[in-house]
Amino acid sequence: QVQGVESGGGLVQPGGSLRLSCVVSGSMFSDYDLAWYRRTEIRQQELVADISKSGATEYVGSAKGRFTISRDNAKNTLYLQMDSLKPEDTAIYYCNIAPMSGTFWSWGQGTQVTVSL
């Protein structure tokens with residue numbers, strides 16, 4: 001069973017930074033287009049950013065210019081560098097395959113990001 005294990009979240013003040021990691025087991029990591037998603041009670045689940053097998057990246061909405069998605073295929077790890085954080089970035093962040101890339105893996109626990117004074 002393929003699943004990602006997310007980490008790196010926490011409490012940060014507005015304008016601060018966090019780096020999220022997602023270690024994926026049980027898969028040919030490099031064969032997948034991957035993505036970060038986030039979920040809140042209000043916005044439900046939304047795509048934040050995705051990265052193709054070849055390393056091409058796309059960002060959605062307010063993530064553009066502030067977040068950087070990357071991958072290390074040797075470590076089976078996906079990253080999300082988040083800078084200039086805003087309170088509206090508060091959410092639980094998850095990793096999974098990119099949209100339209102196949103059947104989603106089982107969802108992990110996610111990692112909580114809270115942006116607040």
(request) State all residues of region 68-85 that are crowded, with 18+ Cβ neighbours inside 10 Å and farther than 15 Å from Glu6 by Cβ; if no residue qualifies, say none. (result) Leu85
(message) Can you list residue pairs whose Cβ atoms sit under 8 Å apart, with the first residue in region 1-18 being modelled with pLDDT of 95 or more and the second being acidic (Asp, Glu)? Count only pairs 6 or more apart in sequence or on different chains.
(response) Ser17/Asp83
(message) Only one of Ala35, Ala49 is among the small types (Gly, Ala, Ser), touching a residue at least 60 places away in the same chain (Cβ under 8 Å) and assigned to a strand (DSSP E or B). Can you tell me which?
(response) Ala35
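Out of all the residues in region 2-25, is one or more assigned to a helix (DSSP H, G or I) and either open to solvent by less than 30 Å² (accessible area, probe 1.4 Å) or not hydrophobic (A, V, I, L, M, F, W, C) (or both)? Before you say what the answer is, go through the steps one by one.
Restricting attention to region 2-25, the residues satisfying the condition of being assigned to a helix (DSSP H, G or I) are none.
No, the conditions are met nowhere in region 2-25.
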(request) Enumerate the pairs (first residue in region 54-79 and in a loop (DSSP other than H, G, I, E, B); second residue anywhere and among the charged types (D, E, K, R)) with beta-carbon separation below 7 Å, excluding pairs fewer than 6 apart on the same chain, so at least 6 apart or on different chains. (result) Arg66/Asp83
(request) Considering (1) within 19 Å of Val23 (Cα to Cα); (2) surrounded by 14 or more Cβ atoms within 10 Å (Cβ to Cβ); (3) of a type in the set (S, T, N, Q), say which one Thr90 fails and leave the rest. (result) (1)
(message) So Met100 ticks every box in (1) farther than 16 Å from Thr114 by Cα; (2) open to solvent by 30 Å² or more (accessible area, probe 1.4 Å); (3) modelled with pLDDT of 95 or more; (4) among the aliphatic types (A, V, I, L, M) but one. Which box is left unticked?
(response) (3)
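I'm checking my understanding of the structure. Among residues of region 103-117 that are of a type in the set (Gly, Ala, Ser) and part of a loop (DSSP other than H, G, I, E, B), which one is surrounded by the most Cβ atoms within 10 Å (Cβ to Cβ)? Even if it seems obvious, please write down each step before you answer.
From region 103-117, those of a type in the set (Gly, Ala, Ser) are 106, 108, 110, 116; that's our starting set.
When the remaining residues are screened for being part of a loop (DSSP other than H, G, I, E, B), the result is 108, 110, 116.
Working: Gly108: 17, Gly110: 21, Ser116: 10.
Among those residues, the one meeting the criterion is Gly110.
The values are calculated or read from the model by the stated rules, or taken from the named source; none is laboratory data. Note that the coordinates shown come from a computational prediction; the quantities given were computed from them, not determined experimentally. No Cβ is skipped: glycine too gets one built from the backbone with ideal geometry, and neighbour counts run over all protein chains shown. Just the protein is used for accessible areas: all its heavy atoms, side chains included, with ligands, DNA and RNA removed. Shrake-Rupley method; radii C 1.70, N 1.55, O 1.52, S 1.80 Å.
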